[in-house]
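Notes follow once the structure below has been shown.
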Amino acid sequence: MSSGASAQHNQETSMFSALTKSLKNGCSLSSIQANVLAGLTVGVIALPLSMALAIASGVPPQHGLYTAIVGGIVIALAGGSKVNISGPTAAFVVVLLPIVQQFGIGGLLISGFMAGVILVSMGFMRIGRLIEIVPYPVIVGFTAGIAVVIATFQIKDFFGLNVQAVDGHYIDKLLQIMQALPTTHWQETLIGAITLGVLIAWPKLRSRIPGHLVAILIGSGIAWVLSQLNGDFSVATIGSRFHYELNGLTGGGIPPLLPGFEWPWNYPGADGKPIGFSFDLARTLLASAITIAVLGALESLLCAVVADGMSGKKHNPNDELIGQGIGNMIVPFFGGIPATAAIARTAANVRAGGTSPLAAVVHGLFILVAILSLSPLLSYIPMASMAALLLMVAWNMSEARHFIRTLKIAPRDDILTLMVCFLLTVIFDMTVAVGIGMGLAAMLFIRRSISLTDSTRLETEDDAYADLPKEIAIYNIDGPLFFGSAQKAMNGLTSITPEVRVVVLDMSRVTMIDMSAIVAMESIVFDLSANHVELVINNLRPRMILKLRRAGVLAGAGKITFSRTIDEALAKSREMLQLSTPE
């Protein structure tokens, strides 16, 4: 996104004005028609996915639809990408499910709001670019681990296992599922297998009709027909699994209502009572909120990069973080769970001709109409079909070929990082995995940045300085001087030979200096001064000289001198040498 577009986003005061501006910028009628069609296409894809992801996250399916409606529209209008489609995503499932199990849907909505605040703060602090440089092995490790967890949890509904509640960490849940395998229901397995088969085979037909829709329709249709032909044939459906109360009446499936405003803390906690709000609760949920925010930032910015490559547009990462944050702050007040940009839906939007936020708005409105008009039909969708859909999502998300390729060709450090992130995500949880994974990413970045910084003694390696007096030593400092690299770069200066009387530090290629480097410089200056050695600092950038002056490393007293060129530095060094040599 251009700077003008970024300014426009900062000036928007309402969703209506944002939509009006996007339509005005959207050019021709044909472009509007293309975005409407793209929005309808994505809406068809997002409808079953949003329900499936909500169920996988431990909440009723309508909350996933509310997320796609409210979050999809708000984030599109407030964010930094014109083509991103936001809503519930598979990346969040492994984070949201434990929150729901421990704190109920009320705790989940409060966590989502807190994550929104964090995302907005990240955007205003302009760290969008930093998120984009998270190492590839970290991202692959996260996504592959999430995919394994999602796929494992779908075994229960795919095979119709008789498991009342799957509790504990991943290993405990896996053991419970394996112990329940003898209770497999052939009816559920049949419908799940048919749905999964359609999902696998449909892309080979190269049809423009989304495979998700076809698979769900076929799975639901066959389940309904078989139940009519055989009274003993029955499978769990959305209508039989989920219920709601409306005007004192109980219904099955999804309530045919618009998303309504409700304070997040009025939703039930794990005990079924309104969770309320307190500082202690917010403090307890903070770690989960940070995890949601980091995952949301990674997913949305990765999605925006992919969309840029497909559409030829450029997104603004900081605006995108702010838009994601605003969306996640608003969504909980309408019953929505945390949202972020979805790569598959965004790719479908671009391929279908989407070029502006209008497509995301139409996608949200389509789902809204579907809730109001198709709720009775949606209740017939078998849970086994939803499990098959999520199995396919997990497979696509795992990027198995990239995972295996990384293991084969990546450096040892990257392989270690990949496996640590993968195993932590699977065996423990995303809160632990994100914390340690991002720490590993930072350590890798620091380590490789340190390797780029070096110091060499020029007169011993460059013949151009061969005629220099042995009392003058020239060191070339190359690279950034920060807390990780400063000591490495300065180590050579602590072991100069006794005959050296003047040291020249050529800092032409030093790009930054932090406080650790300043302290290291002070130590070097003190040691050289104690040994009566003069110091010349050559071609250091003015802003770094100012840092040294503020820290007290001043030119003066014949101990420290600054020069602009290496020739000037050598001339000054010879003068110092002559002055220090007795006649």
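Hey, can you rank 243-249, 408-414 by average C-beta count inside 10 Å, highest first? Present the calculation step by step, with values, prior to reporting the outcome.
Numbers: 243-249: 9.0, 408-414: 11.9.
Ranking the peptides 243-249, 408-414 by packing returns 408-414, 243-249.
Ranked from the most accessible area to the least, with a 1.4 Å probe and all protein chains present, what is the order of HIS402, HIS532?
Largest accessible area first, the list is HIS532, HIS402.
Determine, from the Cβ-Cβ distance of LYS408 and ALA442 and an R0 of 25 Å, the FRET efficiency 1/(1 + (r/R0)^6), rounded to the nearest 0.05.
0.45
Based on the mean of other Cβ atoms within 10 Å per residue, sort peptides 205-218, 426-439, 174-187 so the most packed one is first.
In decreasing order of mean packing, 205-218, 426-439, 174-187 become 426-439, 205-218, 174-187.
Could you work out the relative contact order of the chain? I mean the mean sequence separation of Cα pairs under 8 Å and 6+ apart, divided by the number of residues, in percent.
Working: 1048 pairs, mean separation 136.7, N = 583.
Relative contact order for the chain comes out at 23 percent.
For the chain, take the longest principal axis of its alpha carbons; what is the angle in degrees between that and the long axis of helix 566-580, to the nearest 10 within 0 to 90?
The angle comes out at about 40 degrees.
Could you work out the helix-only [θ] at 222 nm for the chain, with each DSSP H run of four or more residues adding -39,500 (n - 2.57) and the total divided by the number of residues, to the nearest 500 deg cm²/dmol?
-20000 deg cm²/dmol
Once the whole set of protein chains is in place, how much accessible area is left on ASP454, using a 1.4 Å probe, in Å² to the nearest 10?
80
Which order do PHE483, PHE124 take by accessible area at a 1.4 Å probe, largest first?
If we order PHE483, PHE124 from most to least accessible, we get PHE124, PHE483.
Taking all protein chains together and a probe of 1.4 Å, list LYS313, LYS470 from the most accessible to the least accessible.
The most accessible residue leads, giving LYS470, LYS313.
Using a simple spin-label model with points 7 Å from Cα along the Cα→Cβ vector, what separation in nm is obtained for LEU217 and GLU399?
3.3
Taking 0.36 nm per residue of separation and subtracting the Cα-Cα distance, what length does fully extending SER373 through LYS488 add?
Going from the current span to full extension adds 34.6 nm.
Once fully extended, how much extra length lies between TRP186 and THR497, figured as 0.36 nm per residue of separation less the alpha-carbon to alpha-carbon distance?
In short, 103.6 nm is gained.
Whenever you get a sec, compute what percent of the accessible area on the chain sits on carbon and sulfur atoms (1.4 Å probe).
Percent of accessible area from carbon and sulfur atoms in the chain: 63.
Amide H neighbours of ILE537 under 5 Å, at least 5 residues apart or on other chains, H built in the peptide plane: list them.
LEU505, THR561, PHE562, SER563
Mind checking the per residue accessible area of the chain for me, 1.4 Å probe, whole number of Å²? The partial results should precede the final answer.
Details: 26640 Å² over 583 residues.
Ligands and nucleic acids excluded, the figure is 46 Å² per residue.
The values are calculated or read from the model by the stated rules, or taken from the named source; none is laboratory data. These figures come from a predicted structure and were not determined experimentally. Every residue, glycine among them, receives a Cβ derived from its backbone with ideal geometry; neighbour counts consider all protein chains shown. Only protein heavy atoms, including side chains, enter the accessible area calculation; ligands, DNA and RNA are left aside. Shrake-Rupley method; radii C 1.70, N 1.55, O 1.52, S 1.80 Å.
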